[in-house]
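Read the structure below first, then the notes.
The values are calculated or read from the model by the stated rules, or taken from the named source; none is laboratory data. All of these numbers come straight from a predicted model, not from anything done at the bench. For neighbour counting, all protein chains shown are included, and Cβ atoms are generated from backbone atoms with ideal geometry for every residue, glycine included. These accessible areas exclude ligands, DNA and RNA; they are computed on the full protein's heavy atoms, side chains included. Shrake-Rupley method; radii C 1.70, N 1.55, O 1.52, S 1.80 Å.
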Amino acid sequence: MKIKYFSYFLIAIFAISTINLFSQNKDEDKFDPFKADPRLKYYKAEGYDYTMNYSFERVYNACKTAIEELGCQIINQTYSQTDDGFYKGKVFSDYCVFIGKTDTTFDNIERYCVKVPIIRGGVWVNGRMQYKFIINENKDGTTYLKLKGEVSGREDYVTSKVHFFESNGYFENQIIEKINAILTDQK
């Protein structure tokens with residue numbers, strides 16, 4: 001009798017290990033440490049540098065127009081001339097809200113950031129993006145454009161603070177495409 005139960009026990013262990021073996025093959029594809037995170041497709045930690053074959057004035061105005069077309073405000077826009085006679089300027093947008101208080105606010109913030117801190121029980125009420133353009137005229141008539149973006153969000157329940165995150169580059173890529181479209185339409 002004991003041998004009969006022991007054989008049932010061995011068959012059960014064999015069946016469970018076989019099921020685990022087959023289910024493990026499916027789960028192996030879920031985590032691959034060498035697979036690139038699709039959210040980081042546009043990510044550049046040092047910012048986004050471009051040399052544009054347009055005059056300083058056209059690039060400067062295109063940056064302002066692109067921000068305004070997104071429905072954002074400009075909080076800082078200045079330009080001046082260097083001692084060498086070349087122009088330099090900056091255009092900073094206000095914080096542009098891309099998601100309000102919904103059930104998916106945290107998911108949207110997470111989608112556009114490199115890393116979001118975990119705040120247990122946190123209630124995120126908005127997600128915002130700020131664009132910072134630095135524009136310099138080059139000697140050869142081209143214009144250097146550096147873009148740095150920053151994502152932020154307000155958490156209202158635990159910390160009651162605005163938290164700032166490094167952008168993953170999606171919004172920066174979108175506004176650069178908009179600026180290029182504005183520049184090519186001006187020809």
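Considering every residue within the range 96-104, establish whether at least one is in a strand (DSSP E or B), among the hydroxyl-bearing types (Ser, Thr, Tyr) and either farther than 18 Å from residue 165 by Cβ or open to solvent by less than 40 Å² (accessible area, probe 1.4 Å) (or both).
Scanning the range 96-104, I find no residue that is in a strand (DSSP E or B), among the hydroxyl-bearing types (Ser, Thr, Tyr) and either farther than 18 Å from residue 165 by Cβ or open to solvent by less than 40 Å² (accessible area, probe 1.4 Å) (or both), so the answer is no.
Give 46, 110 a once-over and let me know the one that is assigned to a helix (DSSP H, G or I) and modelled with pLDDT under 95.
Just a single option satisfies the conditions, and that option is 110.
Return the residue satisfying two criteria in turn: it lies in the range 64-92 and is within 19 Å of the chain's Cα centre (by Cα) and open to solvent by less than 50 Å² (accessible area, probe 1.4 Å), and of such residues it is modelled with the lowest pLDDT.
The qualifying residue modelled with the lowest pLDDT is 72.
Could you list, ordered by first residue, the pairs with Cβ atoms under 6 Å in which the first is in the range 159-187 and more than 15 Å from residue 68 (Cα to Cα) and the second is of a type in the set (S, T, N, Q), at least 6 apart or interchain?
Taking only residues 6 or more apart or on different chains, the pairs are 162/152; 164/152.
Can you tell me which residues in the range 56-81 are touching a helix residue (DSSP H, G or I) at 6+ places or on another chain (Cβ under 9 Å) and of a type in the set (D, E, K, R)?
Result: 58, 69.
Counting only residues that are farther than 13 Å from residue 162 by Cβ and surrounded by fewer than 16 Cβ atoms within 10 Å (Cβ to Cβ), which one in the range 115-131 is nearest to the chain's Cα centre (by Cα)?
So, considering only residues that are farther than 13 Å from residue 162 by Cβ and surrounded by fewer than 16 Cβ atoms within 10 Å (Cβ to Cβ), the one nearest to the chain's Cα centre (by Cα) is 115.
Within the range 139-177, which residues are more than 23 Å from residue 105 (Cα to Cα), open to solvent by 60 Å² or more (accessible area, probe 1.4 Å) and among the charged types (D, E, K, R)?
139, 140, 177
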